[in-house]
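Below is one structure, written out as structure tokens; comments come after it.
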Amino acid sequence: MVQKGMLFLHAACIEYDGRAVAFSGDSGVGKSTRAASWVAALSAQWISGDRPLLCHKKNEYYACGLPWDGKEQIIRSVEVSLLTILQVHRAGFQRLRRMTPEQARNLLMSQCFIPMWDTQTAIKAMETIRYMSEQIHFCHVFCGADEESAKELWQLLYSKPMKVMEEKEMLKVKKGFKISKVAGEYMAIPVGEMVKEFDGTVILNEVSAFIFRHLADGISREDLQDLILEEFEVSADRAGKDLDKLLAKFREYHMMECEE
């Protein structure tokens with residue numbers, strides 16, 4: 001399948017109004033709960049609970065349900081025109097922000113099956129990812145997992161596309177850090193290959209641990225500040241100044257990178 005330009009995407013995928021919407025992102029971020037809210041609120045139908053196949057034909061991309069779905073085992077044997085792929089961020093507000101091709105490519109590289117043990121097939125998968133990142137509609141989505149959030153998100157996607165926000169540079173902590181709570185303190189601890197590059201740990205308070213977790217997925221500074229204001233009782237001015245200080249500290253420690 002990979003050799004024929006098809007890819008498996010780690011996503012919860014539903015069909016609504018004849019188009020497919022895929023909710024993607026790392027495990028545990030809430031892909032399935034958000035897809036399920038569309039099913040409950042809008043009478044959308046499942047395509048795949050965990051692993052739809054993406055394919056291209058007749059100048060269009062499609063999402064397909066296949067038997068090897070993964071842990072969810074929610075499968076419908078259909079082929080549906082793909083409207084968008086959404087990278088999920090937990091939030092109490094509804095927001096869509098367009099992704100740049102580079103951001104879309106990074107998402108696909110982390111969430112698609114790539115057989116790295118087979119060099120030629122892996123090269124083909126990466127070539128397909130490059131095409132998909134340039135031709136499919138991708139957005140960061142900030143939303144809750146309840147039915148009202150699903151309805152609001154549907155309005156943004158289908159009825160109010162002018163309210164989809166512009167692309168922004170994404171801030172991201174480098175891979176290879178894990179947050180643990182040790183003796184009542186949060187710590188960012190290097191793991192795997194990062195142990196060789198980073199000497200020691202970084203102690204975080206509750207707010208900085210919250211920020212660190214959101215930076216793990218990649219997020220714009222604007223969206224990150226809005227999440228802070230939603231979560232903590234703090235003024236916008238104070239939140240902005242403290243956030244910039246913390247980001248400067250992460251940069252000083254060489255813990256961060258940017259996605260254009």
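Taken as a whole, the range 117-129 holds at least one residue that is surrounded by 14 or more Cβ atoms within 10 Å (Cβ to Cβ), among the β-branched types (Val, Ile, Thr), in contact with a helix residue (DSSP H, G or I) (Cβ under 7 Å, 6 or more places away or on another chain) and closer than 19 Å to Tyr62 by Cβ.
Could you tell me which residue of the range 1-51 is farthest from the chain's Cα centre (by Cα), considering only residues that are among the polar types (S, T, N, Q) and open to solvent by 40 Å² or more (accessible area, probe 1.4 Å)? Let's see the steps before the verdict.
Restricting attention to the range 1-51, the residues satisfying the condition of being among the polar types (S, T, N, Q) are 3, 24, 27, 32-33, 37, 43, 45, 48.
Right, trim to open to solvent by 40 Å² or more (accessible area, probe 1.4 Å) and you get 3, 27, 33, 43, 45.
Numbers: Gln3: 26, Ser27: 10, Thr33: 14, Ser43: 24, Gln45: 21 Å.
Restricting to residues being among the polar types (S, T, N, Q) and open to solvent by 40 Å² or more (accessible area, probe 1.4 Å), the top hit is Gln3.
Among what's in the range 191-213 and is part of a helix (DSSP H, G or I) and farther than 15 Å from Arg251 by Cα, pick the residue that is least open to solvent (accessible area, probe 1.4 Å). My answer is Ala209.
Of all residues in the range 117-154, which are in a helix (DSSP H, G or I) and small (Gly, Ala, Ser)? Listed by number, the residues that qualify are Ala122, Ala125, Ser133, Ser149, Ala150. Every residue in the range 1-23 that is outside any strand (DSSP E or B) and among the acidic types (Asp, Glu), please. Selection gives Asp17 alone. Among the residues making up the range 220-241, those that are open to solvent by less than 60 Å² (accessible area, probe 1.4 Å) and not aliphatic (A, V, I, L, M) are Ser220, Asp223, Gln225, Asp226, Phe232, Gly240. The set of residues from the range 201-246 being touching a strand residue (DSSP E or B) at 6+ places or on another chain (Cβ under 8 Å), among the hydrophobic types (A, V, I, L, M, F, W, C) and more than 16 Å from Met187 (Cα to Cα) comprises Ile219, Leu224, Leu227.
When each of Ala216, Ala188 is tested for being in contact with a Phe, Trp or Tyr (Cβ under 6 Å, 6 or more places away or on another chain), under 21 Å from Ala248 (Cβ atoms), of a type in the set (A, V, I, L, M) and open to solvent by less than 80 Å² (accessible area, probe 1.4 Å), the lone residue that passes is Ala188. Within the range 97-116, how many residues are in contact with a strand residue (DSSP E or B) (Cβ under 8 Å, 6 or more places away or on another chain) and not in a loop (DSSP other than H, G, I, E, B)? Residues in the range 97-116 being in contact with a strand residue (DSSP E or B) (Cβ under 8 Å, 6 or more places away or on another chain) and not in a loop (DSSP other than H, G, I, E, B): 10 in total.
The values are calculated or read from the model by the stated rules, or taken from the named source; none is laboratory data. Computed from a predicted model, the values in this text were never measured in an experiment. Backbone-built Cβ (ideal geometry, glycine too); neighbour counts: all protein chains shown. Each accessible area value is taken on the protein alone, full model and side chains, heavy atoms only, with ligands, DNA and RNA left out. Shrake-Rupley method; radii C 1.70, N 1.55, O 1.52, S 1.80 Å.
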